[in-house]
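**Student:** Here you go, one structure.
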Amino acid sequence: MVLIRFCATALVSTAICNLGQVPGPGTEPPGAICVACIRAHEEFLASDALRGRGSATPDELTAATYVAAQLRQYGIDPAGDDGGYIQRATVVRQKFTGPPHLRIKTKAEPIVWTYGKEFVVYFLSQTQFSGPIRKVDADKPETKIDSGSMVLVVGTDRAKIRKTAMSMASAGAVGVLVPATAQESARFRERGKELPTPPVRLEDQAGGSSGSTLNVLQVSAQAAKVLARLPEGTKITFGGPATAEKSYTWNAVGILHGTDSALAHAAVLLSAHLDHLGIGRPVKGDNIYNGADDDASGVTAVLEFARVLGAGPKPRRTVIFALFGSEEIGVLGSVYFREHPPLPLNEIAANLEFEMLGRADAAVKADTVWLTGWERSNLGPTLAEHGAHLVGDPHPDQNFFTRSDNYALARKGVVAQTISSYGLHGDYHQPSDDISHIDFDHMNAAIGSLLAPIQWLVNSDFTPKWNEGGRP
Ligand SMILES: [Zn+2]
């Protein structure tokens with residue numbers, strides 16, 4: 001772990017550093033971070049008492065309620081449901097109670113295939129879907145298909161088949177059928193022992209995560225031959241016995257109204273996600289996935305920004321503080337927020353999401369954090385010009401830009417990007433992502449170094465823009 005000389009950042013008075021004391025809330029110079037507050041947020045949010053803040057569980061609500069209480073204390077106004085900070089969304093957890101089937105309509109008897117025999121599931125967003133078959137050759141790929149088609153992708157090159165399958169899904173296929181090799185087909189029975197689990201979705205949304213309707217099935221080599229002989233347009237239906245259970249997920253949302261009416265339609269949204277993986281499979285006797293880095297650290301950062309901005313003179317721009325539920329199961333909280341924002345989306349000029357700032361990334365300089373999708377907009381470079389120790393994401397192959405809440409907003413046009421210092425550590429999504437692995441010197445320095453650039457942003461006329469081709 002890289003150690004940062006936090007006291008050298010000049011954001012904490014040298015006297016405090018020299019004394020070696022942890023400054024308490026109220027003892028820090030105005031506009032500086034509060035080291036004790038950062039530690040206190042982490043110690044509560046990442047504690048075993050919160051049981052890993054499982055997505056859409058009462059533990060997530062406890063985290064949201066804690067955040068709401070802090071926002072109240074900091075002088076941030078509520079912007080959730082019914083005059084409070086909490087925003088509640090209904091989620092639906094679908095579960096198969098028996099193996100699903102594929103039914104193929106033919107002139108004679110319909111063909112019925114069973115999950116784990118003739119096909120398995122790669123990815124599902126729905127428990128029922130159907131459409132006319134459309135055959136696409138991955139070696140001679142076409143991009144135009146009728147939306148709602150069930151696309152069978154054939155070809156000789158596995159990589160090309162995979163690529164075509166993905167492009168067909170985004171071109172509007174309701175389902176994509178990919179042939180398995182003989183070896184893969186031999187493992188179907190084993191894979192079929194466990195029923196597929198469609199992702200949890202928001203009640204008012206058709207698809208799964210981010211409204212996606214991606215369904216990809218793998219069919220046995222034998223079944224693929226049968227499909228290849230069917231006339232184009234033959235109706236194929238997927239479905240099985242399933243239950244749908246409703247529960248809730250919670251966001252905490254606050255707002256600090258800006259003073260400059262000329263900037264009334266250019267608010268800044270600072271966000272992070274409250275939830276993590278909850279209680280899960282034990283590793284070395286520990287079954288609590290505390291998520292101290294992912295993403296108690298991001299929530300802590302947003303709370304610190306709220307505290308400082310709430311205490312100082314009111315900013316010119318309106319600032320929204322949103323802490324989202326159910327990020328880990330498909331960015332559901334941020335999608336709900338996007339559909340129920342406190343201001344119209346086109347009045348939010350920028351969104352900065354904070355993810356995993358609790359440890360330093362050895363891939364960048366010691367006192368630096370990075371921004372996902374750096375080259376997509378002028379937001380990162382402009383923040384860097386104004387003092388942020390911010391560079392481009394050094395792990396572009398990880399596609400982090402699309403892997404957090406910012407993406408739900410970016411897809412609707414908001415210049416929305418994530419700031420992080422996640423160095424691909426081995427405790428990611430493990431019970432060991434706990435407080436003992438947080439590098440507080442780094443975290444204090446990271447949050448501290450972003451304070452002044454954020455204060456500049458919320459008081460500036462600068463409206464970030466997507467670069468050409470940068471908008472997703
Ligand atoms: Zn995260």
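**Student:** Restricting to region 73-107, name every residue that is touching a helix residue (DSSP H, G or I) at 6+ places or on another chain (Cβ under 6 Å) and within 22 Å of HIS41 (Cβ to Cβ).
**Tutor:** Of everything in region 73-107, those that are touching a helix residue (DSSP H, G or I) at 6+ places or on another chain (Cβ under 6 Å) and within 22 Å of HIS41 (Cβ to Cβ) turn out to be TYR74, GLY75, ILE76, TYR85, ILE86, GLN87.
**Student:** Has region 337-345 got any residue that is touching a His at 6+ places or on another chain (Cβ under 7 Å) and either within 26 Å of GLY423 (Cβ to Cβ) or among the aromatic types (Phe, Trp, Tyr) (or both)?
**Tutor:** No; the residues of region 337-345 include none that is touching a His at 6+ places or on another chain (Cβ under 7 Å) and either within 26 Å of GLY423 (Cβ to Cβ) or among the aromatic types (Phe, Trp, Tyr) (or both).
**Student:** Please enumerate the residues belonging to region 163-182 that are under 30 Å from the mean Cα position of the chain (by Cα) and farther than 21 Å from SER130 by Cα.
**Tutor:** Result: LYS163, single match.
**Student:** Here are VAL283, VAL253: which of them is within 30 Å of SER55 (Cβ to Cβ) and open to solvent by less than 40 Å² (accessible area, probe 1.4 Å)?
**Tutor:** VAL253
**Student:** Right, something else. Would you be able to tell me the number of residues in region 183-204 that are of a type in the set (Asp, Glu) and either without any contact (Cβ under 8 Å) to a residue 40 or more places away in the chain or farther than 17 Å from GLN128 by Cα (or both)?
**Tutor:** 3
**Student:** Let me spell it out: the conditions are (1) more than 25 Å from GLY54 (Cα to Cα); (2) within 16 Å of the ligand (Cβ to nearest atom); (3) not in a loop (DSSP other than H, G, I, E, B), and ALA349 meets all of them except one. Which number is the exception?
**Tutor:** Result: ALA349 fails condition (2) only.
**Student:** Within the set of pairs 6+ apart or on separate chains, which have a first residue in region 217-235 that is open to solvent by 90 Å² or more (accessible area, probe 1.4 Å), a second that is among the β-branched types (Val, Ile, Thr), and C-beta atoms under 8 Å apart?
**Tutor:** GLU232/ILE133; LYS235/ILE104; LYS235/ILE133
**Student:** Then there's this: Among what's in region 119-133 and is among the hydrophobic types (A, V, I, L, M, F, W, C) and surrounded by fewer than 20 Cβ atoms within 10 Å (Cβ to Cβ), pick the residue that is modelled with the lowest pLDDT.
**Tutor:** Going through the qualifying residues, I end up with PHE123.
Let's see how each residue does on (1) part of a helix (DSSP H, G or I); (2) closer than 30 Å to ARG281 by Cα; (3) open to solvent by 20 Å² or more (accessible area, probe 1.4 Å):
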position	(1), (2), (3)
TRP370	no, no, no
ALA388	no, no, no
PHE401	yes, yes, no
VAL414	no, no, no
HIS425	no, yes, yes
SER432	no, yes, yes
ASP441	yes, no, yes
ALA445	yes, no, no
PRO472	no, no, yes
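**Student:** Taking region 328-337 as the search range and keeping residues that are open to solvent by less than 20 Å² (accessible area, probe 1.4 Å) and not polar (S, T, N, Q), which one is nearest to the ligand (Cβ to nearest atom)?
**Tutor:** VAL331
**Student:** Same structure, new question: ALA322: over 19 Å from ALA63 (Cβ atoms) and open to solvent by less than 40 Å² (accessible area, probe 1.4 Å), yes or no?
**Tutor:** no
**Student:** Continuing with the same structure: What strands (runs of 3 or more DSSP E) lie completely within region 180-290 and have 2 or more residues being hydrophobic (A, V, I, L, M, F, W, C) and within 16 Å of the ligand (Cβ to nearest atom)?
**Tutor:** Because the criterion is at least 2 residues that are hydrophobic (A, V, I, L, M, F, W, C) and within 16 Å of the ligand (Cβ to nearest atom), the strands (runs of 3 or more DSSP E) in region 180-290 that meet it are 267-273.
**Student:** LEU457 is checked against (1) surrounded by fewer than 17 Cβ atoms within 10 Å (Cβ to Cβ); (2) touching a residue at least 12 places away in the same chain (Cβ under 8 Å) and fails just one. What number does that condition carry?
**Tutor:** Answer for LEU457: the failing condition is (1).
**Student:** Of the residues in region 74-86, how many are open to solvent by 10 Å² or more (accessible area, probe 1.4 Å) and either touching a residue at least 24 places away in the same chain (Cβ under 8 Å) or in the same structural domain as GLN126 (by TED's automatic domain parsing) (or both)?
**Tutor:** Final tally of qualifying residues: 8.
**Student:** How many of the residues making up region 403-412 are over 23 Å from PHE44 (Cβ atoms) and open to solvent by less than 10 Å² (accessible area, probe 1.4 Å)?
**Tutor:** Number satisfying all stated conditions: 4.
**Student:** Quick one: is ILE111 touching a strand residue (DSSP E or B) at 6+ places or on another chain (Cβ under 7 Å) and over 21 Å from ALA56 (Cβ atoms)?
**Tutor:** Yes; evaluated as a whole, the condition is true for this residue.
The values are calculated or read from the model by the stated rules, or taken from the named source; none is laboratory data. Just so it is clear, the model here is predicted, and its values are computed rather than measured. Please note: Cβ atoms are built from the backbone with ideal geometry, for glycine as well, and neighbour counts cover all protein chains shown. Areas reflect the complete protein model, heavy atoms only, side chains present, ligands, DNA and RNA absent. Shrake-Rupley method; radii C 1.70, N 1.55, O 1.52, S 1.80 Å.
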